[in-house]
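As structure tokens, the structure follows; a few thoughts come after it.
Bear in mind these aren't lab numbers, they're just calculated from the coordinates by the rules spelled out. Source: prediction; values computed, not measured. Methodologically, a virtual Cβ is constructed for each residue, glycine included, from the backbone with ideal geometry; neighbour enumeration extends over all protein chains shown.
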Amino acid sequence: MEEKKKSLRGFAAMSPERQREIARKGGESVPNEKRSFSQNPNLAAEAGRKGGQNVNPAKRSFSQNHELASQAGRKGGHASHGGNKIKAATTASE
């Protein structure tokens with residue numbers, strides 16, 4: 001079976017330097033006071049509420065299943081805080 005190669009077009013065909021240059025311009029277009037949720041937790045909370053309001057209540061699985069939300073939070077915490085690194089280190093030392 002013959003594999004068909006996809007041709008790179010647009011953004012994907014650009015050099016990494018050119019991609020970064022374009023991405024940087026996008027970030028600069030945002031006003032400083034709205035640039036980072038980490039600088040303004042109230043702005044992050046407001047954005048989260050707006051996003052949640054746009055989801056059909058029947059499809060809000062976390063609001064209907066708190067155990068599912070807890071599992072997802074734990075999984076995210078392990079991923080962002082190196083939970084896998086700790087496990088890998090203990091396995092390697094055994």
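Rank these for me by crowding, LYS6, LYS75, going from fewest to most other beta carbons within 10 Å.
Lowest to highest Cβ neighbour count: LYS6, LYS75.
So what are the ³J(HN,Hα) numbers for the range 57-70, from phi and the Karplus equation (6.51, -1.76, 1.60; θ = phi - 60°), rounded to whole Hz, Gly and Pro as x?
x, 5, 9, 8, 5, 5, 6, 9, 9, 5, 5, 4, 5, 5
Modelled label-to-label distance, ILE22 and ALA72, 7 Å Cα→beta-carbon offset: nm?
A separation of 3.1 nm, rounded to one decimal place.
Rounded to the nearest 0.05, what FRET efficiency do ALA79 and ALA13 have when you use their Cβ-Cβ distance and R0 = 25 Å?
About 0.20, to the nearest 0.05.
Between LYS50 and LYS5, how high is the FRET efficiency from 1/(1 + (r/R0)^6) when r is the Cβ-Cβ distance and R₀ = 30 Å? Nearest 0.05.
0.10
Working out 0.36 nm times the residue gap between SER63 and LEU43, then minus their Cα-Cα distance, what length gain in nm do you get to one decimal?
Length gained between SER63 and LEU43: 5.1 nm.
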